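Rule-based calculations on the coordinates, nothing more; no lab input. Just so you know, these numbers come straight off a predicted model, no measurement behind them. Please note: Cβ atoms are built from the backbone with ideal geometry, for glycine as well, and neighbour counts cover all protein chains shown.
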Amino acid sequence: MKERQGSVEENREIASGYFSLIVSGDFPTSSPGQFAMVSVSDTFEPFLRRPFGIADQGNNWIRFIYKVQGRGTELLSRLKKGEVLSLITPLGKGFFMEKGRVLLVAGGTGIAPLLYLAQNFEEFVLLYGAKTKSALLREEVEKIIGKAHSLIYTTEDGSYGLKGLLTSHIPEEKFSMAYVAGPYKMMKEFSRIYSGEAQFSFEERMGCGFGVCYSCVVRVKREGKEEYVRSCKEGPVFFGKEVVWI
Ligand SMILES: Cc1cc2nc3c(=O)[nH]c(=O)nc-3n(C[C@H](O)[C@H](O)[C@H](O)COP(=O)(O)OP(=O)(O)OC[C@H]3O[C@@H](n4cnc5c(N)ncnc54)[C@H](O)[C@@H]3O)c2cc1C
Ligand code: FES
């Protein structure tokens, strides 16, 4: 974990309110599921950095996909090519790689870490849901479609793909692992329905991002005991069998 400066290479709106941010710089290598704490302005307002899953990384660049939610992401969306920003990366523990045929499940911005993860598999099924057609990042997904054995889009309003919640369309076949990222409620419902082994990437609100403030805890059961652990340190990826859903 190191603080590094980078310069904005691209900060492009790829769908309404969704941005692709590419930062060039000398960043340590990450693994899928890890995240970065990103400074969203060069002043002290807002004071805290914001966490974003790494959506891709290459030689001297790193990519994020984010949705404008509030003050921090709104400021981030204003950054122009060439502006400097500071990242602490990589943070947390990423996905444990399983062999065989896997299921990737993304709700909303949960697609970002899964785009990075998908590059590691020869064959996978991607189940990807959003509220409406305009919030589905299809162009980004279709860049990796070559490797997807099948691709299932869902929208809550039925404007594209299958209608309804993503969790109503979970494929019935057996997978060696399911990798799930998205809103807590979706992941909890997925875990209730799906009986196979799964890993979940949590997006708890974070203060520091590196284990100091305890603002990001997730409840887990380990060796028969329930406890709270920091998702920025022990996660953000957890195995389904250890998560205590609240
Ligand atoms: C490990 C991790 C990875 C993440 N990866 C991504 C990503 O790849 N792309 C992306 O768009 N976002 C991601 N997020 C969420 C992102 O950090 C928040 O959307 C962002 O911090 C909001 O900042 P803001 O200042 O714009 O919003 P704020 O002004 O802080 O909040 C605005 C609204 O967004 C909600 N919100 C803020 N943070 C979160 C959160 N963590 N989870 C759910 N709701 C939140 C608030 O409740 C509020 O309603 C990730 C979060 C974590 C912890
Ligand atoms: S964000 Fe501070 S301990 Fe996790």
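Some notes on this structure:
- Of residues in the range 21-54 being aromatic (Phe, Trp, Tyr) and within 25 Å of ALA118 (Cβ to Cβ), the one farthest from ligand 2 (Cβ to nearest atom): PHE27
- Scanning the range 221-240 for residues that are within 20 Å of the chain's Cα centre (by Cα) and not acidic (Asp, Glu) yields a total of 11.
- Out of LEU151, LEU117, LEU127, LEU79, one residue alone is within 16 Å of ligand 1 (Cβ to nearest atom) and not in a helix (DSSP H, G or I). It is LEU79.
- Among the residues making up the range 179-196, a single one is surrounded by fewer than 13 Cβ atoms within 10 Å (Cβ to Cβ) and either in a strand (DSSP E or B) or within 20 Å of the chain's Cα centre (by Cα) (or both): LYS185.
- Residue match in the range 181-202 (condition: touching a strand residue (DSSP E or B) at 6+ places or on another chain (Cβ under 6 Å), of a type outside the set (A, V, I, L, M, F, W, C) and within 16 Å of ligand 2 (Cβ to nearest atom)): yes
- Inside the range 208-227, residues that are within 11 Å of ligand 2 (Cβ to nearest atom) and either on the phi < 0 side of the Ramachandran plot or of a type in the set (Asp, Glu) (or both) make up a count of 8.
- Against the test of being more than 23 Å from GLU122 (Cα to Cα), within 16 Å of ligand 1 (Cβ to nearest atom) and either touching a residue at least 12 places away in the same chain (Cβ under 8 Å) or out of contact with any Lys or Arg (no Cβ under 7 Å at 6 or more places or on another chain) (or both), the options VAL229, VAL141, VAL237, VAL180 yield a single qualifying residue, VAL229.
- Among the conditions (1) outside any strand (DSSP E or B); (2) more than 25 Å from GLU123 (Cα to Cα); (3) away from ligand 2 (no atom under 16 Å from the Cβ), the only one that ARG205 does not satisfy is (3).
- Matching strands (runs of 3 or more DSSP E) fully within the range 1-71 where at least 3 residues are surrounded by fewer than 16 Cβ atoms within 10 Å (Cβ to Cβ): 2-15
- Residues satisfying the stated conditions in the range 198-223, i.e. loosely packed, with under 15 Cβ neighbours inside 10 Å and in contact with a Ser or Thr (Cβ under 8 Å, 6 or more places away or on another chain): ARG205
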